[in-house]
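Heads up: the structure comes next, in structure tokens.
Every number here is computed from the coordinates shown, using simple stated rules; none is lab data. Predicted model only: the values in this text are computed from it and were never measured. Positions of Cβ are backbone-derived with ideal geometry, glycine not excepted, and every protein chain shown enters the neighbour counts.
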Amino acid sequence: MLKPEILQKFIAVVGRDRCKTSPEDLLTFGYDASIYEYVPDAVLFPKSTQEASGIMKVASAHNVFVTPRGAGSGLGGEALAKHGGIVLCFSMMHQILEINTANRYAVVEPGVVISEFQKAVEKVGLFYPPDPGSAAVATMGGSVAMNSGGMRGVKYGVTRDYLLGLEIVLPSGEVMMTGTVTAKDVTGYDLTRLICGSEGTLALVTRITVRLLPKPKTKRTLQAIYNSIDAAGDAVSRIIEEGIVPATLELMDSMIIQALEEFAHLGLPLDAAAILLIDVDGDTETVERQAALVADFCKAQGAREVRVSSSEKENELLWFARRAAFGAVARMRPTCVIEDATVPVSFLTATIKKVIEICGRNRVQVAVLAHAGDGNLHPLMLCDQRDAEEMARVDKSMDEIVEFALSVGGTLTGEHGIGINKARYLPQQLSQTSLKMMRAVKATFDPQGILNPGSFLEHCRS
Ligand SMILES: Cc1cc2nc3c(=O)[nH]c(=O)nc-3n(C[C@H](O)[C@H](O)[C@H](O)COP(=O)(O)OP(=O)(O)OC[C@H]3O[C@@H](n4cnc5c(N)ncnc54)[C@H](O)[C@@H]3O)c2cc1C
């Protein structure tokens, strides 16, 4: 519990209106998109870097824990106040400060919603590729802290690849800049990329400079329909091996197809074992040529049918459905645990089959969704959090999926981060020396350990 005199000091920084302490407000901020619940002592909403810095100065003077938060769409409990203290929510720092068309970069505050930012730059003919499935709610700050990926990773990479510089507030309250606005910069250590993916444990991100690309002139969406998941997985590996570079290459298994059809009524084939959803983008001529090439290739790789969307509207509908996949599946049981193991793409089929075998053996209902072109699987494990015996089977399935992914040279998490739920696996992937270096980095930025305590490093058993 926060002492009243300390709470008053926080109120002096942001004002009474932007400091929430009622039980119903606190409960709302006790959740994110994970299965965990940790209710904070207060929620503060800064409107400027100066206020964020003021909050950290009070926090460090009184050893109060601070957990930064964007939209709370993280899947691993990253934005929850695991040891109490305050949640510092960036939703009121939501200005797009600059879109510089001459030098193709933009500067935003952290609370800007990703899809709003994408729309704003597209209006002036530019393009911000990172596109997590949660883009309609997730914030730019949250995506920097998580190094979010998403649908377009296969061609365009992830958030890290677009960062030019940051303004950050250290746990002490000091404000610091990293990076520049130039296309090239090798001045000193790359602190921008160190902060990116640090899950809110090193500093608050209060301003973000990203590079932009010219907007692709056009795009075409294809659905390749398969009677077997093996054939769909193999087609993905072959597309990558052949050097074809689609903008997106997503895989949905039969349970996802059924759930989506029930939800969005798009006419998806209910008897299919898997669908690949593939975008090609670029100049009109290139897109037409690539769409034909991909369609022929998918047919040669066993697709029973390839549908090519005929308009921008149809593209949008298909992507609307894909974005709704988590929600559509999550309606089926009270709890949905989302896995994120990622493997070299040539192991995609083997890993999908292994996931199905593991979940079957452990009697866990699973639907498989994947950013397939990146080898990034999202098995959605459906369960009921209130049933301890069932959750133990889900945990066991997760242990086995992680073990398999690591055994083929993969990683614990491709994009969702470690958070609370994957911390126990860190020593399986990282050496003791790596963990020691990470702890040293954390201690350098945050010697008092007040920023996002209870995060991945603290939970990891080593
Ligand atoms: C339906 C659904 C689909 C998703 N699809 C994808 C996907 O395709 N790809 C993907 O990568 N992720 C995906 N995610 C996960 C999640 O949406 C992303 O990680 C997202 O970028 C988190 O943004 P947020 O604003 O919600 O951050 P939050 O959940 O609020 O916070 C995430 C972390 O960032 C820290 N943080 C937030 N803001 C700041 C800041 N300004 N300064 C410092 N630290 C900060 C928090 O402390 C926390 O550790 C999905 C989630 C859902 C629910």
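Given the DSSP H assignment, sum -39500 (n - 2.57) over each helix run of at least 4 residues in the chain and divide by its residue total; what's the result at 222 nm in deg cm²/dmol, nearest 500? Walk me through the numbers on the way to the answer.
On the way: 17 runs with 172 residues, N = 462.
So the calculated ellipticity at 222 nm is -11000 deg cm²/dmol.
Any idea what the dipole of region 218-326 comes to, in debye rounded to 20, about its Cα centre with Lys/Arg Cβ at +1 and Asp/Glu Cβ at -1? Before the final figure, lay out the partial values.
Details: 10 positive and 19 negative charges, 19 e Å.
That gives region 218-326 a dipole magnitude of about 100 debye.
What does the net charge come to around residue 67 if you take all other residues with beta carbon closer than 10 Å to its beta carbon, with K and R at +1 and D and E at -1?
Details: positive: 69, 82; negative: 78.
Summing Lys/Arg as +1 and Asp/Glu as -1 gives +1.
Suppose R0 equals 22 Å. What FRET efficiency, 1/(1 + (r/R0)^6) with r the Cβ-Cβ distance, do residue 37 and residue 331 give to the nearest 0.05?
Details: r = 21 Å, r/R0 = 0.93.
The value I calculate is 0.60.
Kirkwood hydrodynamic radius of region 1-128 from all distinct Cα pairs, in Å?
On the way: mean 1/r = 0.0634 Å⁻¹.
About 15.8 Å, per the Kirkwood formula over Cα pairs.
Give me the log10 of I(q) over I(0) for the chain at q = 0.07, 0.10, 0.12 Å⁻¹, as the Debye formula computes it from C-alpha points; what are the numbers?
Reported log10 I(q)/I(0), two decimals: -0.36, -0.75, -1.07.
For the pair residue 230/residue 316, report the inter-label distance in nm, with labels modelled 7 Å from Cα in the Cβ direction.
4.1
Multiply the residue gap between residue 194 and residue 304 by 0.36 nm, knock off their C-alpha separation, and tell me the result in nm, one decimal place. Provide the component values of the computation, followed by the final result.
Details: separation 110, 0.36 × 110 = 39.60 nm, distance 4.54 nm.
Contour length minus the Cα-Cα distance gives 35.1 nm.
So for the chain, averaging the separation of alpha carbon pairs under 8 Å that are six or more residues apart and normalising by length, what relative contact order in percent results?
About 15 percent, as a whole number.
Using a Förster radius of 25 Å, what is the FRET efficiency between residue 408 and residue 437 based on their Cβ-Cβ separation? Nearest 0.05, please. Please list the in-between numbers first.
Values: r = 26 Å, r/R0 = 1.03.
That gives a FRET efficiency of 0.45.
Tell me, what HN-Hα J-couplings in whole Hz come from the Karplus equation 6.51 cos²θ - 1.76 cosθ + 1.60 at θ = phi - 60° for each residue of region 47-54, using x for Gly and Pro?
Coupling constants for region 47-54: 10, 8, 4, 4, 5, 4, 5, x Hz.
Quick one: putting +1 on the C-beta of Lys and Arg, -1 on the C-beta of Asp and Glu, what dipole do you get for region 333-421 around its Cα centre, in Debye to the nearest 20?
Values: 8 positive and 13 negative charges, 51 e Å.
The calculated dipole for region 333-421 is roughly 240 debye.
For the chain, what is the charge dipole size about the Cα centre, in debye to the nearest 20, if Lys and Arg each add +1 at the Cβ and Asp and Glu each add -1 at the Cβ? Provide the component values of the computation, followed by the final result.
Values: 46 positive and 54 negative charges, 161 e Å.
About 780 debye.
For every other residue with a beta carbon closer than 10 angstrom to the beta carbon of residue 94, add +1 if it is Lys or Arg and -1 if Asp or Glu, then tell me the sum.
On the way: positive: 47; negative: 109, 116.
Cβ neighbours under 10 Å give a net charge of -1.
Taking 22 Å as R0, compute the FRET efficiency from the Cβ-Cβ separation of residue 92 and residue 27 and round it to 0.05. The partial results should precede the final answer.
Details: r = 20 Å, r/R0 = 0.91.
For residue 92 and residue 27, the calculated efficiency is 0.65.
Under the rule a/c < 1.5 gives rounded, and otherwise a/b versus b/c splits prolate from oblate, where does region 139-213 land using the Cα gyration tensor?
Details: a/c = 2.11, a/b = 1.33, b/c = 1.59.
Note, shape of region 139-213 comes out oblate.
When a/c is below 1.5 the answer is rounded, else prolate if a/b is larger than b/c, else oblate, so apply that to region 265-367 with a ≥ b ≥ c taken from the square roots of the Cα gyration tensor eigenvalues.
Values: a/c = 2.20, a/b = 1.55, b/c = 1.42.
Note, shape of region 265-367 comes out prolate.
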